[in-house]
Amino acid sequence: SNNTALIYIPSPNTNWTLNPYYKNPSNEFIHYREGFRKTCKLNSIVDKIQNNRRKTILLGSSTTYCSDIFSNELTWPFLVQKKFEKTHEIFNFGVPHFTLSQTLIRLVNWINLIKPELVILYQAKNDMNYISNIPDGLKYIQNDFENIQSQFSASLINILPKKINLPFFRLKYL
């Protein structure tokens, strides 16, 4: 789908991934064609690997992705790329709400193509959600779709501003 309002799209490997067609509030594409946050003006990661610069992959979730920062130029991975642009290519593999297992799946799928010299992992608290949010007596844990459902409802507000209130994130209270 080429829906420009949804930041996430479904993924068979990780439940969700970044939508390459998402546009920020300034109407700019902020993800590469392959669904990664941009660290330069190019449109494809493949274009970034076509040189002899050293490659670095930044892994993580919302802090690596830089959630709530709508301009790529203000994200720390973009600033690192700018600082070392003559010698390095920086790849931002951060996806908000990702756990370590989702992050590693993403790395395994791309590491052979990029062939980085350095991989930096910064994973914060998302893995703890399963531990801290599991009710007593629960015998089976479903995949965690809570974060993508919240994001989906927030993205609908961008599509239907002030026309209709769709409180999907409060569905359990209805």
* In region 1-111, which strands (runs of 3 or more DSSP E) lie fully inside it and hold 1 or more residues that are under 15 Å from the mean Cα position of the chain (by Cα) and at positive phi? -> 15-18, 54-60
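Quick check: anything in region 77-97 within 19 Å of Q123 (Cβ to Cβ), in contact with a Ser or Thr (Cβ under 9 Å, 6 or more places away or on another chain) and small (G, A, S)?
Within region 77-97, one or more residues are within 19 Å of Q123 (Cβ to Cβ), in contact with a Ser or Thr (Cβ under 9 Å, 6 or more places away or on another chain) and small (G, A, S).
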* **Members of region 100-132 that are out of contact with any helix residue (DSSP H, G or I) (no Cβ under 8 Å at 6 or more places or on another chain), more than 16 Å from N15 (Cβ to Cβ), at pLDDT below 90 and not charged (D, E, K, R)** => M128, I131, S132
* Inspect all residues belonging to region 60-68 and state whether any of them is without any contact (Cβ under 8 Å) to a residue 24 or more places away in the chain and open to solvent by 20 Å² or more (accessible area, probe 1.4 Å). => yes
* Subset of region 19-35 (residues that are of a type outside the set (G, A, S) and in contact with a Ser or Thr (Cβ under 9 Å, 6 or more places away or on another chain)) -> N19, Y21, Y22, K23, N24, N27, E28, F29, I30, Y32, R33, E34
* Asked: Can you name every residue in region 105-123 that is of a type in the set (S, T, N, Q) and surrounded by 15 or more Cβ atoms within 10 Å (Cβ to Cβ)?
  -> Q123
* Is it true that some residue in region 11-19 is surrounded by fewer than 16 Cβ atoms within 10 Å (Cβ to Cβ) and not hydroxyl-bearing (S, T, Y)? -> yes
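The values are calculated or read from the model by the stated rules, or taken from the named source; none is laboratory data. Since this is a predicted model, take the numbers as computed values, not measurements. Counting neighbours? That spans all protein chains shown, and the Cβs are built from the backbone with ideal geometry, glycine included. Accessible surface is based on the protein model in full, side chains and every heavy atom, while ligands, DNA and RNA are left aside. Shrake-Rupley method; radii C 1.70, N 1.55, O 1.52, S 1.80 Å.
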